[in-house]
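Beneath this line is the structure, given in structure tokens, with notes to follow.
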Amino acid sequence: MKLLVTADLHIGRRCSKLPEDVARDHAPVKMWRRIVDFAIAEQVDALLIAGDIVDHDRGFYEALNAIEGGIERLDSAGIRCIAVAGNHDVEVMKRLRRTLETDNFDLLGQGGRWECVQLAGHDGGRHTDVWGWSFPQSQVTTNPMPQLTADMLESGTPSIGLLHCDRGAGSDSVYCPVPGGDFARSGIGTWVLGHVHKPASADSVRSEPRNFYAGSPQPLHPGEPGPHGPWMIDIGPDGTTTVTHLPLATVRYETVTVAVDAPGAELTAKDDLHGAVVEAVRTAARGIVADQPDLQHLCCRVRIVGRTPLDEEQLRDEWQRVFANDTDQVSFVVDDVTAYLEPVAAFDIRPHLDVEALANHSTPLGEAAKFYLQLTGEREMSDEARAHVDLIQQRITHDVYSRVRSWLDDEDKTFGQDQACRLAAEQTRRLIETLHAQGPGERHA
């Protein structure tokens, strides 16, 4: 059995920090249609939604036609839609259920009670129980889990739980607080949760008992970074369940770090800042697209870090100069992705370290500086330094690198002395930074 699951679409809202036309074209209602398309293409048995499909009353009219049309298409494909109401859509979902002219939509747990439906797979195999509980009003301060007792569950039957809740919150929460341990004790192997918009990590869903936040399938603001999209639950003939995240979102929010002291790309003038930002964003975008191929718009918060002889205030002024004409954001295209830069950047700039001067001292810091200069080719490499590099190359080649060799492109499948030098230089630079920060008493010991 294949179940596509999601939560927190918030139809009626728009993705923030995007131009108005882009936000409209990539609104949650468009993601709903893509989820329906995906469910039909994958021939899933059901689509499950863990609350907040609609964002308050303002999403009712926008949601009505979209949801009704989507459910009709799912019905034609033999796919059932099962949902619970969250704190944002409790009243809207009641109205939608009364308005929808279809029997293929189940709103579980109305009135704050547990309710179960049985799903039979397309192949006629064993059925799966789906349990759900809906918000009876927009604020709930009590934990509904004690109402779900063991005698209500069918022994030996795979089961899925749908709940919109504030997992791990105290009793002062008004969004259905549930202690985390209640899910493992419930007897239900997999819980799909709504309310938190950031999706769970892949590691957290590997084995039962599992409970995870599905997250918003399309992120809505910079506080929701990382990949977004629905999840697929596969239930095998023996009841074994696997859960996989599907990063189908077309929008992503990320913080991009720009190192002003990156080897070979150190800033020497304030004007160099913009080129460094563009290169960092390009690298980030291409790395993200490799894992999220549907990405079209990347919203970036820029973080500028490192040591430089340039004055931090000058760099701040140079950054703000780009946005001086009341520009909310600037954008440029990286392959097929449009990247947007927010006007406010974070700066963590430290004074420049004169490694050449440090290398003139016979101290642990001085010895590290000498080694660094040899690794970067600024001084002739000693026999001792060369032996260290050879050892690094041998150990990585035999102990680590061989394990990932099959993942790499052909041109990257050798780990030579140049790569070993770069790796050693990065680590030595960090050591120099640490020793220098300790102060004279420590670093000259």
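Read-outs throughout are calculated quantities, based only on the coordinates presented, and are distinct from any laboratory measurement. On a predicted model such as this, the values are computed, not experimentally measured, just so you know. When we count neighbours, we look across all protein chains shown, and the Cβ atoms used for this are built from the backbone with ideal geometry, even at glycine.
With point charges of +1 on the Cβ of Lys and Arg and -1 on the Cβ of Asp and Glu, referenced to the Cα centre of the chain, which listed residue (Ala424, Val333, Ala23) lies farthest in the positive direction of the dipole? Checking the options against the dipole of the chain, the answer is Ala23. Take the Cβ atoms of Gln118 and Ala262, set R0 to 56 Å, and the FRET efficiency comes out at 0.45.
Magnitude of the charge dipole for the chain, about its Cα centre and with charges confined to Cβ atoms of Lys, Arg (+1) and Asp, Glu (-1), is about 760 debye. A simple packing score, the average count of other Cβ atoms within 10 Å per residue, orders the peptides 280-287, 297-304 as 297-304, 280-287, with the highest score first. Considering only the other residues whose Cβ falls under 13 Å of the Cβ of Thr102, what net charge follows from Lys and Arg at +1 and Asp and Glu at -1? Overall, the nearby charge balance is -2.
The stretch between Arg395 and Phe332, if pulled fully straight at 0.36 nm per residue, gains 18.5 nm over its current Cα-Cα span.
Applying 1/(1 + (r/R0)^6) with r as the Cβ-Cβ distance of Val278 and Ala357 and R0 = 41 angstrom yields a FRET efficiency of 0.80. Placing unit charges on the Cβ atoms of the charged side chains and taking the dipole of the chain about its Cα centre, the candidate lying farthest along the positive direction among Val344, Ala387, Ala280 is Val344. Note on region 333-388: along the principal axes its Cα atoms extend 49, 27, 15 Å, ordered by decreasing extent.
DSSP assigns beta bridges within the chain; of those with both partners inside it, close to 30 percent run antiparallel.
Using just its DSSP H runs of length 4 or more, each adding -39500 (n - 2.57), the chain gives a mean residue ellipticity at 222 nm of -9500 deg cm²/dmol after division by all residues. The local environment of Asp271, defined by Cβ-Cβ distances under 15 Å, has a net charge of -3 under the rule Lys, Arg +1 and Asp, Glu -1. A simple charge model with +1 on the Cβ of Lys and Arg, -1 on the Cβ of Asp and Glu and nothing else charged puts the dipole of region 207-308 at about 280 debye relative to its Cα centre.
Is region 2-245 best put as rounded, prolate or oblate by its Cα gyration tensor, with a ≥ b ≥ c the root eigenvalues, rounded for a/c under 1.5, and otherwise prolate when a/b is larger than b/c, oblate when not? It comes out rounded by the Cα gyration axes.
Every Cα-Cα pair of region 158-291 was included, and the share exceeding 19 Å stands at 62 percent.
Taking a ≥ b ≥ c as the square roots of the eigenvalues of the Cα gyration tensor, region 55-160 is classed as oblate, since a/c reaches at least 1.5 and a/b does not exceed b/c.
Can you give the FRET efficiency for Arg316 and Ser16, using 1/(1 + (r/R0)^6), R0 = 30 Å, r = Cβ-Cβ distance, to the nearest 0.05? After rounding, the FRET efficiency stands at 0.80.
Ratio of Rg to Rh for the chain: 1.07 [Cα atoms; Kirkwood radius as inverse mean 1/r over pairs]. Neighbour counts of C-beta atoms inside 10 Å place Arg316, Arg395 in the sequence Arg395, Arg316, starting with the fewest.
Each of Leu47, Asn65, Ala83 was scored by the projection of its Cα onto the charge dipole of region 33-90, and the greatest displacement toward the positive side belongs to Leu47; charges sit on the C-beta of Lys, Arg, Asp and Glu.
Annotation: amide H-H contacts under 5 Å for Arg13 (H modelled 1.01 Å from N, sequence separation of 5 or more, or interchain): Asp55. May I ask for the angle, rounded to the nearest 10°, between helix 417-437 and the longest principal axis of the chain, with both axes built from Cα atoms and the value confined to 0 to 90°? Rounded to the nearest ten degrees, it is 90. As a length-normalised measure over Cα pairs under 8 Å and 6 or more apart, the relative contact order of the chain settles at 11 percent. Phi-derived couplings, Karplus 6.51 cos²θ - 1.76 cosθ + 1.60 at θ = phi - 60°, listed residue by residue for region 177-194: x, 9, x, x, x, 5, 5, 5, 7, 6, x, 9, x, 9, 10, 9, 10, x Hz, with x used for Gly and Pro. Net charge dipole, region 282-364: roughly 180 debye, given to the nearest 20, about the Cα centre with Cβ charges of +1 for Lys and Arg and -1 for Asp and Glu.
Using the Karplus relation 6.51 cos²θ - 1.76 cosθ + 1.60 with θ = phi - 60°, the per-residue 3J(HN,Hα) values for region 151-161 come to 5, 7, 8, 8, 4, x, 9, x, 9, 10, x Hz, with x marking Gly and Pro. Given their separation in residues at 0.36 nm each and the Cα-Cα distance between them, Arg24 and Asp348 gain 113.1 nm when the chain is fully extended.
Highest-first packing order for the peptide set 162-172, 189-199, 231-241 is 189-199, 162-172, 231-241, based on the mean count of other beta carbon atoms within 10 Å. Judged by a Cβ-Cβ distance under 4.7 Å, the unpaired cysteines of the chain are Cys15, Cys81, Cys116, Cys299, Cys300, Cys421. Asp52 sits among other residues whose Cβ lies under 11 Å from its own Cβ, and their net charge, with Lys and Arg +1 and Asp and Glu -1, is -2.
Semi-axes of the equivalent ellipsoid of region 217-354 are 36, 17, 12 Å, computed as sqrt(5λ) over the eigenvalues of the C-alpha gyration tensor in descending order.
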